[in-house]
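Just so it is clear, none of the values below were taken in a lab; they were calculated from the coordinates. Keep in mind that what you see is a predicted model, and the values were worked out from it rather than measured. Using ideal geometry, Cβ is built from the backbone for each residue, glycine included, and neighbour counts are taken over all protein chains shown.
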Amino acid sequence: MLVSNLLRKLDMQDLMVFVAVYEQGNVTKVSEALCVSQSTVSYCLKKLRTSFDDELFINTRSGMSPTHKATAMYGQILGVLQAINQCHSGFQAFDPNQEEITFNLCAPEYFELLILPKLVKRFIGKRFAVVINTTKFHRDIPVEALRDDRFDLVVCFGPHFHGDVKGLRSQMLLEDELVCVFDKNLPGPQADFSLAAFAARQHVFPTPWTSDTNMIDGWLAQQGYSRKIVARANSYVAALNLITGTDFILTLPRRIQALICDQARFGEHPPPTGLPNFTLEMVWSEKASQECANIWLREQIMQVCAEEGLL
């Protein structure tokens, strides 16, 4: 933030005039070098003097002589202009048309079902030479694997389900809610599906990441309840097959339920009031935050989410 409102009136041309006057000491030469009129140079100097509350340059027989403050400012303003130039041309963007690359991701099944197919199709459609390797997410964020580049990116659930780790960056991709799914041919939850009724049902547990519990169990424990899990499956689809022909309940993310559930076979019911929503987040290392290929990958994922209306 700027410490003075007067500084907000300055622009790049004013700073260029300051540097040119400091280096050349002659208004005529400055106007020729910057291809502006002498009156424009004078106007810029007036703005600079007002903004910095100093004469900055004193007109002498030998030229424009900088004041002590102008001398102290020169290096700083020159650095500002150099930084602006670096923003324009110093960042080397990753070009997937020129380089073949493999990205290693650690992500839950949710990402593999909802986002990864669209991401890969995007790469194929644009003929990008990109390969995505996905490893199943475990209980905790693989911090060391991110730091030593074994993983380029981790996709996990949030907010804060896996804790905050120093030295990592994160960005939310989307938000989702949970829904209870059941076999339509058998009695489903009643209209007043209470917390006690939910806990009393027999549940199938999908394990889209390696863990004995998930956010549902944590929330139930906070309410003083626990649920009876009768089967655990390695995927959402396998869990869905397990409830066929039974009165078991399967609690799925809403977006996954819409993607894989046959409405003719499976019914849905809102979970008990209070069950929180969740987010899907990307996590990467500080080092990767400056790598052009990693930046490009994250931007591609965000664009897929935006195009699919997931954001």
Inset, instruction - Give the angle, between 0 and 90 degrees and rounded to the nearest 10, that separates the Cα long axis of helix 292-307 from the longest principal axis of the Cα atoms of the chain. - result: 60
Legend entry - Förster-model FRET efficiency, 22 Å R0, Ala238 and Asn277, C-beta, rounded to 0.05: 0.35
Inset, instruction - List, in the order given, every pair from Lys166/Lys287; Lys47/Lys69; Lys29/Lys69; Lys136/Lys228 whose Cα-Cα distance in the structure shown is over 18 Å. - result: Lys29/Lys69; Lys136/Lys228
Legend entry - C-alpha center-to-center spacing [the stretch 220-287, the stretch 3-27] in angstrom: 60
Inset, instruction - Calculate the dipole size of the chain relative to its Cα centre from +1 charges on Lys and Arg beta carbons and -1 charges on Asp and Glu beta carbons; express the result in debye to the nearest 20. - result: 360
Inset, instruction - Take Asp262, Asp183, Asp148 and order them by how many other Cβ atoms sit within 10 Å, fewest up front. - result: Asp262, Asp148, Asp183
Inset, instruction - Calculate the spin-label point distance for Glu307 paired with Ala145, positioning each point 7 Å from the Cα along the beta-carbon direction, and give it in nanometres. - result: 2.8
Inset, instruction - Note the angle between two axes, namely the Cα long axis of helix 116-125 and the longest principal axis of the Cα atoms of the chain, as a number of degrees from 0 to 90, rounded to the nearest 10. - result: 50
Inset, instruction - Search the structure for amide H atoms under 5 Å from the amide H of Val179, placed 1.01 Å from N in the peptide plane, and list their residues when 5 or more places away or on another chain. - result: Leu252, Arg254
Inset, instruction - List every residue whose amide H lies under 5 Å from the amide H of Leu275, counting only residues 5 or more places away in sequence or on a different chain, with H placed 1.01 Å from N in the peptide plane. - result: none
Inset, instruction - Could you pull out the trypsin sites (Lys or Arg not before Pro) across the stretch 231-285 that fall in loop regions by DSSP (anything but H, G, I, E, B) with no more than 15 other Cβ atoms inside 10 Å? - result: Arg265
Inset, instruction - Work out from phi, with θ = phi - 60° and the Karplus expression 6.51 cos²θ - 1.76 cosθ + 1.60, the ³J(HN,Hα) of each residue of the stretch 166-174, listed in order in whole Hz, and give x for Gly and Pro. - result: 5, x, 10, 10, 8, 8, 6, 9, 6
Inset, instruction - Give, rounded to the nearest 20 debye, the magnitude of the charge dipole that the stretch 116-193 has about its Cα centre when Lys and Arg contribute +1 at Cβ and Asp and Glu contribute -1 at Cβ. - result: 600
Inset, instruction - Please list the non-local residues whose amide H lies under 5 Å from the amide H of Thr67, H modeled 1.01 Å from N, same-chain partners needing a gap of 5 or more. - result: Leu56, Phe57, Ile58
Inset, instruction - Rounded to whole Hz and in sequence order, give me ³J(HN,Hα) for the stretch 101-109 from the Karplus expression 6.51 cos²θ - 1.76 cosθ + 1.60, θ = phi - 60°, writing x for Gly and Pro. - result: 8, 10, 9, 9, 10, 10, 8, x, 4
Inset, instruction - May I ask you to evaluate 6.51 cos²θ - 1.76 cosθ + 1.60, the Karplus curve with θ = phi - 60°, for each residue of the stretch 15-32 and list the ³J(HN,Hα) values in order in whole Hz, giving x for glycine and proline? - result: 5, 5, 5, 4, 5, 5, 5, 4, 7, 10, x, 8, 5, 4, 5, 5, 5, 5
